[in-house]
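Working notes, structure below.
The values are calculated or read from the model by the stated rules, or taken from the named source; none is laboratory data. Because the structure is a prediction, the values reported are computed rather than measured. We place every Cβ from the backbone using ideal geometry, glycine too, and count neighbours over all the protein chains shown.
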Amino acid sequence: MYKWFLAWRYLHTKLIAFFGVASVMLCVAMVLVVMSVMGGFLDTVRERSRGMLSDVVLEAGSMQGFPYYEEFETYVAKHMSDIVAVTTPTIVNYGLIRVPDTSQTKPAQIVGVRLNEYCTINDFKGGLHYEEYFPGTTTLAKQPIAVAGLDPNTEKLSLPPELEAANRKWQESVGDPEEIEKYESLPYATSAFPKTAAPYYYDRVFAADIGEPKYEGPEHMGLIVGSDVLWDRDKQGGFKRYLARGTRLALTVLPLTPSGTLTGEPPVRIPLRYADDSRTGIFEIDSMCVYVDFDMLQQKLAMDAQEKIDGGFTKPRAKQLLIGLKEGVDLDEGWARVQAGWLNFLATLGPNVDDGDMTRLGFVDVYTWEDLQRPLIAAIEKEKVLVTILFGLISLVAIVLLGCIFYMIVEKKTKDIGILKSLGASGRGVAGLFVVYAAAIGVVGAALGTLLGSAFVWNINTIQDKLAQLNPALKVWSPDVYSFDKIPEVVKQQDAMWIAIVAVIASMVGSLIPAFLAARVWPVKALRYE
Amino acid sequence: MSNEMLRAKGLHKSYKMGRSVVRVLRGVSLSAKRGEFLAVMGASGSGKSTLLHLLGALDLPNRGTVEYENRDLFGLPRSARRAYCNRDVGFVFQFYHLLPELNALENVLIARLITHSAGSWMGARRQSRADAGELLERVGLKDRARHRPSELSGGERQRVAIARALVNRPALLLADEPTGNLDAKIGGEIMGLLTELNEAGQTIIMVTHDAQVASRAHRRLQLSDGVMSEGGTDRR
């Protein structure tokens, strides 16, 4: 009993205990902050990269895609409706995006999607900018440019009625007058020509005219650009949208034959209209990808059914078939079923399949979204492990320091050890006293460290902003670099619990040698110690 | 039943001091009867404290035996020797040796706490506090129970040490120069207290260099150069 009693007394009467508690606290806080930020970073990347794909992906081994994807969709609907909720094909290709008004040309990864299906299979819709403020208006179909003008009734600058109605729908769903007011106060662009050299940028950028609100210009298919393809960012992570919604853009693509050779035709130029911009939060995706209508792209790339010289038609091709599993279906189980289903499907195709098509089908693989994003996720996972190891090493130093502190405590308490032993305390009991004392220091330090670390993580962005106010060089998190606006600020309870447990154990381990030494001291020797 | 409580026979103890060996005790023998107040006298460095430490099983002799109630202390298992230190013997040191973080009451209680596990302490707590309080009252420190050693005078600290030595009701009290660090008046008071305890039946073995202090004992032994000799008569 005296172990607990004395450990408690030592804990709140010894200055040295304060240093022990402080070192455990700082170690726990440090490791918790690192693990939370890096873990949050990893989780965000995982979550967002998942958002771009579906649970299971059937992917062709080469750019020219694979045939029979429609037939496999039918097969899935018939045989796997118990686990599959939705399927949609996509095309992934490369080309050039051009802004004719500014003569700006950039390389881009072109993704052909069926927007409605694509939005049901993943979180793509959540990252669309105009779709948020004007729900239901983003489309990849043919569209003119919407021009803001003076409303004859209100004499206010406003958009055509459909867009105003959509915006009112957003306002009703938001309900926060402050946010609505903030958005309302943003001006439109003031001319039909985008303000490429404008000193300001706006979150709602529409062409504007002094006439009535209207749609004008020839209709072109829509294009959604990745948020970092055309826009630069400001220091707060906001995008400098300098093109009005509906501005003309152009894509240049190079069609390939089913066997992967050039068709011999000149590159295809596709006029499009800027319909929206997409933000997944992953810089690698947002800085490269643009999205167009699947069927249009398929046709422009000659991946649709083409008439053969010897009669008949080639099979239309897609690069990927995205397969969304039903709620509650295990990812690995879903993958295994789709994999087996795909092999069965191939077996049903029979001998009529063209040899070239058969070769292409042989290179189709079934992946989970995690498999496809592995390079991205693995890099950050490794980074997390590396940083955790580095801070673990620092914590190891802290444990050694803790050992030193306990050694000093034992040295200082040698006389007490003699007194306790002369009163009949056992060596094991005295050692236990110091281990209990260390555990108490560990528990208090871990609790305070968890509080400190959690408070730091929860307020990490505010702290960074305050530091940046003092000195801009102290702003360590650049949204421009990391793609996320904010440093992740979530503390996982499980992480916090494990760190605290390890800290308590480490404190106890740090005290073992001094405790063992204390146990061996003869009472007479200890009593003579001055 | 024999009236003899403690018997030491042929105790030898030496220490290494650098390259030389200092022989502190050279075949010391003594015995103490139940209820006796025995004083061992000797000059500084004569081996008095070493002898007392051996009698209290706080150290091991090079040779010789100490028998308590006919049991050889150094032949006992460690746990039994610890039980001897805790329950059969109470030790009073010249420099008090109180735990500085604890108040007077807690310093007395600590000897009792050592005997208990966390579970058994719950049952014994109330009685133990009452016993400790009673002992502090007996040594005249009822009002100083909540004071830490640093807030007590030398005499008061020694009283706390005596109360601690007695809290487990030991049959034998070993006192190592109990007045050695106190002035004459306070030393006299402490000796009065020890005499009072002895009159109430407590067996006491005390070592001292002070003949006046030793005169309170029933019997006095002289230790010089590690050898024991009879040094006085019964005071009664």
Can you name every residue in region A:158-174 that is in a helix (DSSP H, G or I) and among the polar types (S, T, N, Q)? A:Asn167, A:Gln171, A:Ser173
Kindly evaluate A:Phe391 against the criterion of being closer than 30 Å to B:Asn86 by Cα and away from chain B (no Cβ under 14 Å). no
Identify all residues within region B:96-138 that are of a type outside the set (Lys, Arg), at pLDDT below 85 and within 25 Å of B:Ile190 (Cβ to Cβ); write none if there are none. B:Tyr96, B:Leu135
Which strands (runs of 3 or more DSSP E) sit wholly inside region A:28-143 and have at least 1 residues that are over 26 Å from A:Asp304 (Cβ atoms)? A:84-99, A:104-113
In region B:1-19, residues that are farther than 15 Å from B:Asp72 by Cβ and either crowded, with 16+ Cβ neighbours inside 10 Å or of a type in the set (Gly, Ala, Ser) (or both) total 5
Counting only residues that are of a type outside the set (Lys, Arg) and within 9 Å of chain B (Cβ to nearest Cβ), region A:13-25 contains a total of 1
Just the residues that are in a loop (DSSP other than H, G, I, E, B) and away from every other protein chain (no Cβ under 14 Å), please, taken from region B:37-51. B:Gly42, B:Ala43, B:Ser44, B:Ser46
Would you please name the residue that is farthest from the chain's Cα centre (by Cα), looking only at residues in region B:20-51 that are among the aliphatic types (A, V, I, L, M) and surrounded by fewer than 16 Cβ atoms within 10 Å (Cβ to Cβ)? B:Val21
Has region A:164-175 got any residue that is surrounded by 16 or more Cβ atoms within 10 Å (Cβ to Cβ) and touching an Asp or Glu at 6+ places or on another chain (Cβ under 6 Å)? no
For region B:93-104, what are the residues that are more than 8 Å from chain A (Cβ to nearest Cβ) and surrounded by 17 or more Cβ atoms within 10 Å (Cβ to Cβ)? B:Gln94, B:Tyr96, B:Asn103, B:Ala104
Based on what the data block shows, is A:Asp276 acidic (Asp, Glu), closer than 19 Å to A:Leu297 by Cα and in contact with a Phe, Trp or Tyr (Cβ under 7 Å, 6 or more places away or on another chain)? yes
I'd like to verify a number: residues in region A:1-12 that are in contact with a Phe, Trp or Tyr (Cβ under 7 Å, 6 or more places away or on another chain) and within 7 Å of chain B (Cβ to nearest Cβ), how many? 2
Hits in region B:52-92 (condition: within 17 Å of the chain's Cα centre (by Cα), of a type in the set (A, V, I, L, M, F, W, C) and more than 7 Å from chain A (Cβ to nearest Cβ)): B:Leu52, B:Leu54, B:Leu55, B:Ala57, B:Leu60, B:Val66, B:Leu73, B:Val89, B:Val92
Any helices (runs of 4 or more DSSP H) falling wholly within region A:320-393 and containing at least 3 residues that are within 26 Å of the chain's Cα centre (by Cα) and surrounded by fewer than 16 Cβ atoms within 10 Å (Cβ to Cβ): A:331-348
Evaluation of A:Leu249 against (1) at pLDDT 90 or above; (2) in a helix (DSSP H, G or I) (one fails), failing number: (2)
For region A:429-446, give me the residue count where each residue is within 12 Å of chain B (Cβ to nearest Cβ) and among the aromatic types (Phe, Trp, Tyr). 1
Here is a list of conditions, (1) farther than 26 Å from A:Leu53 by Cα; (2) touching a Pro at 6+ places or on another chain (Cβ under 8 Å), and A:Arg269 meets all of them except one; can you say which number that is? (2)
Hey, A:Ser422 within 22 Å of A:Val524 (Cβ to Cβ) and touching a strand residue (DSSP E or B) at 6+ places or on another chain (Cβ under 8 Å) or not: yes
Yes or no: region A:279-290 includes at least one residue that is at pLDDT 85 or above and assigned to a helix (DSSP H, G or I). yes
Considering region A:439-474 alone, what residues qualify as being modelled with pLDDT of 85 or more, buried (at least 16 other Cβ atoms within 10 Å of the Cβ) and of a type outside the set (Val, Ile, Thr)? A:Ala439, A:Ala440, A:Gly442, A:Gly445, A:Ala446, A:Ala447, A:Leu448, A:Gly449, A:Leu452, A:Gly453, A:Ser454, A:Phe456
Between A:Ile323, A:Ile309, A:Ile377, A:Ile394, which is touching a Cys at 6+ places or on another chain (Cβ under 8 Å) and over 30 Å from B:Val160 (Cβ atoms)? A:Ile394
Within region B:105-139, restricting to residues that are in contact with a Leu (Cβ under 8 Å, 6 or more places away or on another chain) and away from every other protein chain (no Cβ under 14 Å), the one that is farthest from B:Leu193 (Cα to Cα) is B:Gly133
Taking the residues in region A:412-428 that are among the basic types (Lys, Arg) and crowded, with 23+ Cβ neighbours inside 10 Å as candidates, determine which candidate is nearest to the other protein chains (Cβ to nearest Cβ). A:Lys421
Residue ID - farthest from B:Asp183 (Cα to Cα), chosen from residues in region B:125-159 that are hydrophobic (A, V, I, L, M, F, W, C) and surrounded by 16 or more Cβ atoms within 10 Å (Cβ to Cβ): B:Ala132
